[in-house]
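Structure below; questions to follow.
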Amino acid sequence: MNKKALILTGALLGAGMAQAFALGIGAQTGGMYRDGFSGNAAFTLKGDDAPWAAAAEFLLQKNGFELGLTADLWLGEERIEEPFYWFWGFGLSGSVRLGDDQALYGGIRVPVGVYASLAERFIEPYLQIAPGAGIRISSKLEMFWSVPVNLGVRFWPGKYRFYR
């Protein structure tokens, strides 16, 4: 098979899969309180029919920064009034802190938020809070609690979405 045919076949398969398995892709920003305030920015993903949402984030802190991952299982989602919905769930978080002090964080979180489905579900702005607790590993082992608040938007390019 020549290169052009292979590229065309891959593009057609990718387009077909995007129609069958829509993926919301977006960005969020916000802040978190955990032993002080820090700002963050993240890249987010959410499956259309899957109840999972994930984020890879960068947190800017005094004397350092953090790189982290979160994965949230949406346990419930209800319509408030079209096009507004609210959701709640359970999630996991993990991060590594670099700077004046290094540390590993791992914990659980409870995301709760609201979102709107706009432009025939192509644009999804949202606001969420995800209080959590966990373990910090540095020179010693200690418990922590955190309260992240995020404002974001996801785009759904792969599937023409109708209102529920």
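The values are calculated or read from the model by the stated rules, or taken from the named source; none is laboratory data. Remember, predicted model here, so these are calculated numbers, not experimental data. Backbone-built Cβ (ideal geometry, glycine too); neighbour counts: all protein chains shown. Protein only, heavy atoms only, side chains kept; ligands, DNA and RNA dropped before computing areas. Shrake-Rupley method; radii C 1.70, N 1.55, O 1.52, S 1.80 Å.
Take the eigenvalues of the Cα gyration tensor for segment 76-164, scale each by 5, and report the square roots as semi-axes in whole Å, largest first. Please list the in-between numbers first.
Details: eigenvalues 234, 40, 18 Å².
Semi-axes, largest first: 34, 14, 9 Å.
Let me see the P(r) profile for segment 38-113: every Cα-Cα distance counted, bins of 10 Å, each bin given as a percent of all pairs.
Spelled out bin by bin, segment 38-113 gives 18, 42, 26, 11, 2 percent.
Working out 0.36 nm times the residue gap between R79 and I25, then minus their Cα-Cα distance, what length gain in nm do you get to one decimal? Don't skip to the answer; put the middle values down first.
Working: separation 54, 0.36 × 54 = 19.44 nm, distance 2.15 nm.
Result for the pair: 17.3 nm of gain on full extension.
At 7 Å along the Cα-to-beta-carbon direction for both I123 and D35, put a label point, then send me their distance in nm to one decimal.
Here the modelled spin labels are 4.0 nm apart.
Further, regarding this structure: Once you list every other residue whose beta carbon is under 13 Å from the beta carbon of V96, what net charge do they have if Lys and Arg are +1 and Asp and Glu are -1?
Values: positive: R97, R136; negative: E57, E66, D101.
Net charge in that neighbourhood comes out at -1.
Something else: Provide the convex hull volume over Cα atoms per residue for segment 46-89, in Å³.
Details: hull volume 4.5 nm³, N = 44.
Dividing the Cα hull volume of segment 46-89 by its residue count gives 102 Å³.
With r as the distance between the Cβ atoms of D101 and F144 and R0 = 22 Å, compute the FRET efficiency 1/(1 + (r/R0)^6) and round to 0.05.
Values: r = 13 Å, r/R0 = 0.60.
Here the calculated transfer efficiency is 0.95.
Quick one: with all protein chains in place, what share of the accessible area of segment 35-78 is carbon or sulfur, to the nearest percent (1.4 Å probe)?
Numbers: 1580 of 2370 Å².
With neighbouring chains kept in place, the figure for segment 35-78 is 67 percent.
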